[in-house]
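Nothing in this text is a laboratory measurement; each read-out follows from the coordinates by a stated rule. Remember, it's a predicted structure, so these values are computed and weren't measured experimentally. Backbone-built Cβ (ideal geometry, glycine too); neighbour counts: all protein chains shown.
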Amino acid sequence: MDKTESGRDGQFKEVQEFNRMYKELDDMYHEIALTLGVSDGEFSVLYVICMLGDGCLQRDICREVFISKQTVNSAVRKLEKKKLLYLEEKSGRDKKMLLTEKGKQFAYSRVLPVIEMENSAFMQMEPEERKELLRLSWKYMDYFREKEKKLLEEML
């Protein structure tokens, strides 16, 4: 194996490590949702409602956690059946999502502690480490987005 191949293997290992870390984090959220007795989509809806407040819209959920409208709609229907939230007409096709009393109890006792745990873990890093993590993560996202666009254009 020449230097180019070994250097390339090293780069792939770094990307694999980054992807494993991302996947492990995703798996931890999945495990949390399972433990709470909700789907990943339901957890995401409740999570964003805890973050943005009662009365947010389905499109707010899509924008905040990057899941499809169909997934959000399905999760909302399940949460309605569980009597954790209900929809209220706003204007046109927009509907506010509001937690029922049962939903508030569930969200504030089960989902809010997850958000607090995230914040606590993040705040354990030094201020400069937090800034650097965010800066480098956004830099990676920008590069990835640019390369994704090119790749998709080439595939067409």
Amide H proximity to Leu85 below 5 Å, modelled H, separation 5+ or other chain, gives Glu80, Thr100
Most to least packed among 117-129, 97-109 [average Cβ atoms within 10 Å]: 97-109, 117-129
When only alpha-carbon atoms are used, what values of Rg and Dmax, in angstrom, describe the chain? 19.6, 65
Computed on Cα atoms, Rg of the stretch 46-108 relative to 2.2 N^0.38 Å comes out at 1.01
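Given 10 °C and 1.306 mPa s, how large is the Stokes-Einstein diffusion coefficient of the stretch 97-156 in µm²/s, with Rh as the Kirkwood radius over Cα pairs? Each step should come with its number before you reach the end.
Numbers: Rh = 15.0 Å.
Stokes-Einstein gives a translational diffusion coefficient of 106 µm²/s.
Averaging sequence separations of C-alpha pairs under 8 Å and six or more residues apart, then dividing by the length of the stretch 1-111, give the relative contact order as a whole percent. It would help to have the intermediate numbers written out before the result.
Numbers: 97 pairs, mean separation 24.4, N = 111.
That works out to 22 percent.
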Using each residue's phi in the stretch 36-41, evaluate 6.51 cos²θ - 1.76 cosθ + 1.60 at θ = phi - 60° and report the 3J(HN,Hα) Karplus result to the nearest Hz, with x for Gly and Pro. 7, x, 10, 6, 4, x
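Compute the FRET efficiency between Glu31 and Arg77 as 1/(1 + (r/R0)^6), taking r as their Cβ-Cβ distance and R0 = 25 Å, and round to the nearest 0.05. Please report the intermediate quantities before stating the final value.
Working: r = 24 Å, r/R0 = 0.94.
Computed FRET efficiency for Glu31 and Arg77: 0.60.
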Rounded to the nearest Å, the spacing of the alpha-carbon centers of the stretch 20-72 and the stretch 101-123 is 12
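Taking the Cα centre of the chain as origin, sum charge times position over the Cβ atoms of Lys and Arg (+1) and Asp and Glu (-1), and report the length of that vector in debye to the nearest 20. Each step should come with its number before you reach the end.
Values: 28 positive and 30 negative charges, 171 e Å.
About 820 debye.
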